[in-house]
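Okay, so here's the structure we're looking at.
The values are calculated or read from the model by the stated rules, or taken from the named source; none is laboratory data. These figures come from a predicted structure and were not determined experimentally. Methodologically, a virtual Cβ is constructed for each residue, glycine included, from the backbone with ideal geometry; neighbour enumeration extends over all protein chains shown.
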Amino acid sequence: MKIPSVKGFHDVLPGESARWSQLESTARAVFDRYNFGEIRLPIVERADLFRRSVGETSDIVEKEMYAFTDRDGTDLTLRPEGTASAVRSYVEHAMQASEPVTKMYYFGPMFRRERPQKGRLRQFSQIGAEVFGRDDPAIDAEVLLLLDDLLHAFGVESGEIGVNTLGCVECRPGFRAALVAWGESRREELCADCQRRLQQNPLRLLDCKQKQCVALRPEAPKMTDHTCAACREHFDRVLELCAVEGVELVLQPYMVRGLDYYCRTAFEVVAQGLGSQNAVGGGGRYDGLVRSLGGPAVAGIGFALGVERLALVLEAQGAEVDKAKPEFFVAPLGAAAEAAAFSLTHRFRAGGARVEMDSGGKSLKSQMRRAGKLDAPYVIILGEDEVAEGVMTVRDMRARADRRGVAPLDADLATLRAALASAASVEERA
Ligand code: HAM
């Protein structure tokens, strides 16, 4: 009996993973320019870490965590996101003691038991970044510039960064009260979840995806009408710094994000090609989080991008992936040639070339077909004659030419490459 994969948990097949590797290596190069270091965080954490950060009344904690009790009775969970883990690690290793500003990035799988659909999985992968230690607007702008840089480096053409401010401990209570008052006045029209959460977590009203709640939204109070002078000044400066650097931001006064730890600057990236799941990434400032998880009063800000969603956006755009292909395909004909091909392949791989070798006594025609499929520029053909004479014949697939006896059978990689280049240039001159 076949055992299928679990609903919402996908394989990334070798043909698809090339795009993933490209996204990761591009991201690494960009993070490097902004002086971020990579952190590798565990996949399992204590469930309380997310209850106390993402929020008891968030969808993630209420409905979506893969939480379980370990054999020793500890409440654990597969991580639903990376920020809380990064904060836990920052606090645990007292990173503030060695670095006033800590910048880190991470790649890896996250787990949320959502209803699977296009671009929404139960195991998905994020590229995330977090900065600890500063709350000044220049850091928010630096993080937004980094996000914008990443989207450009990935080649996302339709990316749009929406921003809002979520206020602070000073001004959020006033906004919250205004939201509750408004929500109570429309209680009957809200969805059951929002009615239930109205008193506990009214900000969720602005994040709800239910039709009736979305329809009411344009009448709801806006945070930007309730911000204190300090938050307004902070937000204006962030917008100004980004504008000066030419980073376009779209103001979204109803954006609140689905996690509870945010304050001040919050943002979301949307792009085309995802259907209803159009958020490719999101993030924001979380100045109280480090403290609330037992650390010092240190500010934080960051974001995460969904890798599956980025891949969908790029695929919809028709963006090419650099597919790795072998430089040499070794095609032996007969048992003696196969033995020679085996050690030649090993020697060239050790020398640094990407090499594929056929075995199993296939005909030349079938081996050439496979070499063509792999798009190898050179096929090293070893027949009985080549083995007897101690030479190689190489078919240059681009030039459509056979280079008979182009190099000795025991030639090293550099010698063969040089011989092939010289054969091609002689041909060009002729
Ligand atoms: P988030 O908005 O929950 O934020 O997730 C960030 C991104 O992860 C989303 O925009 C989306 O691309 C991807 N994502 C989320 N859920 C799924 C899913 N079920 N299937 C596929 N992709 C998904 C966070 O996780 C925050 N930790 C971001 C952050 C970092 N804020 C500050 N620092």
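May I ask you to verify whether Ala311 is in contact (Cβ under 8 Å) with a residue 40 or more places away in the chain, closer than 24 Å to Glu384 by Cβ and not in a loop (DSSP other than H, G, I, E, B)?
No.
Looking at the range 241-266, which of the residues that are under 22 Å from the mean Cα position of the chain (by Cα) and not in a loop (DSSP other than H, G, I, E, B) is farthest from the ligand (Cβ to nearest atom)?
By that ranking, first place goes to Leu249.
Filter the range 279-294 down to residues that are near the ligand (Cβ under 9 Å from one of its atoms) and either surrounded by fewer than 18 Cβ atoms within 10 Å (Cβ to Cβ) or farther than 20 Å from Cys171 by Cα (or both), then give me how many there are.
Of the residues in that region, 5 qualify.
Within the range 220-244, can you find the residues that are within 19 Å of Pro202 (Cα to Cα) and of a type in the set (A, V, I, L, M)?
Of everything in the range 220-244, those that are within 19 Å of Pro202 (Cα to Cα) and of a type in the set (A, V, I, L, M) turn out to be Ala220, Met223.
For Leu344, indicate whether it is out of contact with any Lys or Arg (no Cβ under 7 Å at 6 or more places or on another chain) and either in a helix (DSSP H, G or I) or away from the ligand (no atom under 16 Å from the Cβ) (or both).
So Leu344 passes the test.
List every residue pair whose Cβ atoms sit under 8 Å apart, with the two residues 6 or more apart in sequence or on different chains, where the first one lies in the range 47-60 and is without any contact (Cβ under 8 Å) to a residue 60 or more places away in the chain and the second, anywhere, is of a type in the set (Gly, Ala, Ser) and outside any loop (DSSP other than H, G, I, E, B).
Ala47/Ala67; Phe50/Ala84
Which pairs have Cβ atoms under 9 Å, sit 6 or more apart or on different chains, and link a residue in the range 110-128 that is over 19 Å from Phe303 (Cα atoms) and free of Cβ contacts under 8 Å to residues at least 24 places away in the same chain to one that is more than 8 Å from the ligand (Cβ to nearest atom) and of a type in the set (D, E, K, R)?
Sorted first by the residue in the range 110-128, then by its partner, the list stays empty.
Determine if the range 65-79 includes at least one residue that is modelled with pLDDT of 95 or more, within 8 Å of the ligand (Cβ to nearest atom) and under 17 Å from the mean Cα position of the chain (by Cα).
no
Taking the stated definitions as given, is Gly351 within 15 Å of Pro326 (Cβ to Cβ), in contact (Cβ under 8 Å) with a residue 60 or more places away in the chain and among the small types (Gly, Ala, Ser)?
yes
Looking at Arg347, Arg309 in this structure, which one is of a type outside the set (Ser, Thr, Tyr), at pLDDT 95 or above and outside the structural domain of Glu386 (by TED's automatic domain parsing)?
Criteria check complete, one pass: Arg309.
May I ask you to verify whether Leu144 is within 19 Å of the chain's Cα centre (by Cα), over 30 Å from Asp225 (Cβ atoms), assigned to a helix (DSSP H, G or I) and within 15 Å of the ligand (Cβ to nearest atom)?
In short, no.
Check Ala335, Ala304, Ala297 and return the single one that is assigned by TED's automatic domain parsing to the domain that holds Ser25 and either surrounded by fewer than 17 Cβ atoms within 10 Å (Cβ to Cβ) or among the charged types (D, E, K, R) (or both).
Among Ala335, Ala304, Ala297, only Ala297 is assigned by TED's automatic domain parsing to the domain that holds Ser25 and either surrounded by fewer than 17 Cβ atoms within 10 Å (Cβ to Cβ) or among the charged types (D, E, K, R) (or both).
Which numbered condition trips up Ala177, out of (1) at pLDDT below 95; (2) crowded, with 17+ Cβ neighbours inside 10 Å?
Answer for Ala177: the failing condition is (2).
Go through (1) closer than 14 Å to Phe329 by Cα; (2) touching a helix residue (DSSP H, G or I) at 6+ places or on another chain (Cβ under 7 Å); (3) surrounded by 14 or more Cβ atoms within 10 Å (Cβ to Cβ) one by one and return the number of the condition Ser359 breaks.
It is condition (3) that Ser359 fails.
Among the candidates Ala399, Ala371, Ala388, Ala407, single out the residue that is part of a loop (DSSP other than H, G, I, E, B) and assigned by TED's automatic domain parsing to the domain that holds Gly351.
Just a single option satisfies the conditions, and that option is Ala399.
Has the range 91-101 got any residue that is under 22 Å from the mean Cα position of the chain (by Cα), touching a residue at least 24 places away in the same chain (Cβ under 8 Å) and in the same structural domain as Asp260 (by TED's automatic domain parsing)?
The answer is no; no qualifying residue exists.
List, please: which pairs have Cβ atoms under 9 Å, are six or more places apart or on different chains, and start with a residue in the range 13-30 that is buried (at least 17 other Cβ atoms within 10 Å of the Cβ) and end with one that is at pLDDT below 95 and in a helix (DSSP H, G or I)?
From residues that are buried (at least 17 other Cβ atoms within 10 Å of the Cβ), the pairs are Arg19/Glu315.
Evaluate the following for Leu203: is it out of contact with any Pro (no Cβ under 6 Å at 6 or more places or on another chain), surrounded by 19 or more Cβ atoms within 10 Å (Cβ to Cβ) and either of a type outside the set (Asp, Glu) or not in a loop (DSSP other than H, G, I, E, B) (or both)?
Yes.
Take the residues in the range 228-270 that are of a type in the set (Gly, Ala, Ser) and at pLDDT 95 or above, then tell me which one is surrounded by the most Cβ atoms within 10 Å (Cβ to Cβ).
So, considering only residues that are of a type in the set (Gly, Ala, Ser) and at pLDDT 95 or above, the one surrounded by the most Cβ atoms within 10 Å (Cβ to Cβ) is Ala266.
Of all residues in the range 295-312, how many are aliphatic (A, V, I, L, M) and near the ligand (Cβ under 10 Å from one of its atoms)?
Number satisfying all stated conditions: 6.
Please count how many residues of the range 103-140 are part of a strand (DSSP E or B) and either of a type in the set (A, V, I, L, M) or near the ligand (Cβ under 7 Å from one of its atoms) (or both).
Looking only at that region, the number is 10.
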